[in-house]
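The values are calculated or read from the model by the stated rules, or taken from the named source; none is laboratory data. Quick caveat: nothing in here was measured; it's all calculated off a predicted structure. Using ideal geometry, Cβ is built from the backbone for each residue, glycine included, and neighbour counts are taken over all protein chains shown.
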Amino acid sequence: METITYKLNIATEQPFYEELSDFSSTVLEERTERTLHYIKDFIAAQSKDTTRTFDEHYLEYLTLGVLLNKYSSNAMSSTGLGMAFLNILYKGRSRYKVLKPAIDKLRGVLSTILLNRTFNRVKIDSYSRLNHFIKWLDATGEFSEETLRLKCWQSYLIRLPMEEQCKILENASLEASDFEVAAKANLGKFTENVKSFRQNHLQEHKFKENYIFCGRHEVEYHLNMFGAEILNRALKPVFQKTSKKVILLPTCMSNPSDGKCKARVKGSKMVCTGCSPECNINIKRWEYSTEDTEVVLIPHSSDFTRFLKYWKNQETTGLIGVACVLNLLKGGYEMQKLNIPSQCVFLDYCGCKKHWHKNGIPTDISEEQLQRVVG
């Protein structure tokens, strides 16, 4: 199978999910005292009780550092007016479905021109510069769930002296740098093609709305792997209490014999009709369709939140979200926000026609991991 950016089902001494679990535990054990202090202080300063775990707040802080390290120059080289206009366009694509194709074309051109400049290397070391940075993240349309959490840190920083703001942001950057080195050493074998894709194929996406998404850095793959593991650990106790499990499979897993997926919308769900015995989705449907387990197809990620509202605020059904590495954590955050018991499983590799391959490569998941999660 062609490897585009990442591949989890390679032959290694330790399978990916075991490697990820061990690596994640090591990262949590080796956090510095300064980092732990900042997170404890952040939690204590919250005006209302947070339901998120300490490790989830650490993930937010680590995310802040990773994004600062990779995109601060882009953000500080972008104008406020350009970012505001792109933010309006991003919101408009969801509000006006008929205009979405045209809006996305315009966003692709403008985001490539306005958001990818790197001439200004001003250090982000204060609330005001962080505010500009978060506006840049919002303008890309790729970090919607992350910015919701980073805005809480932004609110925390504004209460502190300028010197303390600088120390907290600088420490986040250092924490992220250490994470990047450790992740490369432990998880890099699964993401060896990210660098070559960025060098050899990213230009094919220039002036398209997915240019920033497809150009994500290798450490962002590792951060999403680590983040999904942290989120799974936090949500697992509630998920295990549910009496029914729904497996959400992305349409990029389909492999219909005539090239066209015949899934149908039934109520608020999209279901497989079993048109092709070789299709990965149909195979999973036969394996997991029982009284207590159901297989449902996931629409495109832009409609994911609206699709999830069917299961909002309930305790009896657990959702198992399946997606590629760069989309899975965001989906997990969305399920958590809607108070849905959930767990996440990665696609073993990416291959969708929209982002990664001109003809599309049918994707698949680890059968062993899916069985483990379903229980």
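The listed residues are 204, 218, 229, and the only one of them that is more than 20 Å from residue 366 (Cα to Cα), modelled with pLDDT of 95 or more, acidic (Asp, Glu) and outside the structural domain of residue 288 (by TED's automatic domain parsing) turns out to be 218. Among residues of the range 339-352 that are in the same structural domain as residue 252 (by TED's automatic domain parsing) and surrounded by 23 or more Cβ atoms within 10 Å (Cβ to Cβ), none has a beta-carbon under 9 Å from a residue that is among the aromatic types (Phe, Trp, Tyr) and part of a strand (DSSP E or B) at least six positions away or on a different chain.
All of (1) surrounded by fewer than 20 Cβ atoms within 10 Å (Cβ to Cβ); (2) in contact (Cβ under 8 Å) with a residue 60 or more places away in the chain hold for residue 235 with one exception: (1). Among the residues of the range 260-272, those that are assigned to a strand (DSSP E or B) and touching a residue at least 24 places away in the same chain (Cβ under 8 Å) comprise 269, 270, 271.
Which members of the range 279-298 meet the condition of being touching a residue at least 40 places away in the same chain (Cβ under 8 Å) and hydrophobic (A, V, I, L, M, F, W, C)? Within the range 279-298, 279, 295, 296, 297, 298 qualify. A search for C-beta distances below 6 Å between a residue of the range 1-21 that is among the hydroxyl-bearing types (Ser, Thr, Tyr) and any residue that is outside any loop (DSSP other than H, G, I, E, B), counting only pairs 6+ apart in sequence or on different chains, returns 5/194; 5/197; 6/190; 6/221; 6/325; 17/369.
Among residues of the range 94-116 that are outside the structural domain of residue 304 (by TED's automatic domain parsing), those with a Cβ under 9 angstrom from a residue that is assigned to a helix (DSSP H, G or I) and surrounded by fewer than 12 Cβ atoms within 10 Å (Cβ to Cβ), sequence gap 6+ or separate chain, pair up as 94/306. Looking at the range 273-375, the helices (runs of 4 or more DSSP H) lying wholly inside it that each contain 2 or more residues that are of a type in the set (Asp, Glu) and in contact with a helix residue (DSSP H, G or I) (Cβ under 9 Å, 6 or more places away or on another chain) sit at 367-374. Is it the case that residue 260 is within 15 Å of residue 344 (Cβ to Cβ) and among the basic types (Lys, Arg)? Criteria not met by residue 260. Every listed requirement among (1) over 30 Å from residue 110 (Cβ atoms); (2) crowded, with 18+ Cβ neighbours inside 10 Å; (3) not small (Gly, Ala, Ser) is met by residue 169 save one, (1). Just need a number here: residues in the range 341-364 that are of a type in the set (A, V, I, L, M) and modelled with pLDDT of 95 or more. Summing the residues that are of a type in the set (A, V, I, L, M) and modelled with pLDDT of 95 or more in the range 341-364 gives 2.
Scanning the range 2-33 for residues that are exposed (fewer than 13 other Cβ atoms within 10 Å of the Cβ) and farther than 24 Å from residue 238 by Cα gives 2, 11, 12, 13, 14, 26, 29, 30, 32, 33. Taken as a whole, the condition of being under 25 Å from residue 224 (Cα atoms) and either touching a Ser or Thr at 6+ places or on another chain (Cβ under 8 Å) or not aliphatic (A, V, I, L, M) (or both) applies to residue 91. In this structure, is residue 37 free of Cβ contacts under 8 Å to residues at least 40 places away in the same chain, surrounded by 14 or more Cβ atoms within 10 Å (Cβ to Cβ) and not hydrophobic (A, V, I, L, M, F, W, C)? Against the criterion (free of Cβ contacts under 8 Å to residues at least 40 places away in the same chain, surrounded by 14 or more Cβ atoms within 10 Å (Cβ to Cβ) and not hydrophobic (A, V, I, L, M, F, W, C)), residue 37 does not qualify. Could you list, in sequence order, the residues of the range 1-52 that are more than 18 Å from residue 347 (Cβ to Cβ), at pLDDT 95 or above and outside any helix (DSSP H, G or I)? Scanning the range 1-52 gives 30, 31, 32. Scanning the range 328-347 for residues that are of a type in the set (D, E, K, R) and closer than 20 Å to residue 17 by Cα yields a count of 1. Based on this model, can you work out whether residue 219 counts as exposed (fewer than 14 other Cβ atoms within 10 Å of the Cβ), closer than 21 Å to residue 73 by Cβ and among the hydrophobic types (A, V, I, L, M, F, W, C)? No, not satisfied. Scan the range 272-304 for residues that are within 29 Å of residue 90 (Cα to Cα) and either surrounded by fewer than 17 Cβ atoms within 10 Å (Cβ to Cβ) or at pLDDT below 85 (or both) and jot them down. 298, 299, 300, 301, 302, 303, 304 - these are the residues of the range 272-304 that are within 29 Å of residue 90 (Cα to Cα) and either surrounded by fewer than 17 Cβ atoms within 10 Å (Cβ to Cβ) or at pLDDT below 85 (or both). For the subset of the range 262-275 comprising residues that are under 22 Å from residue 306 (Cα atoms) and of a type outside the set (D, E, K, R), which member is farthest from the chain's Cα centre (by Cα)? The selected residue is 267.
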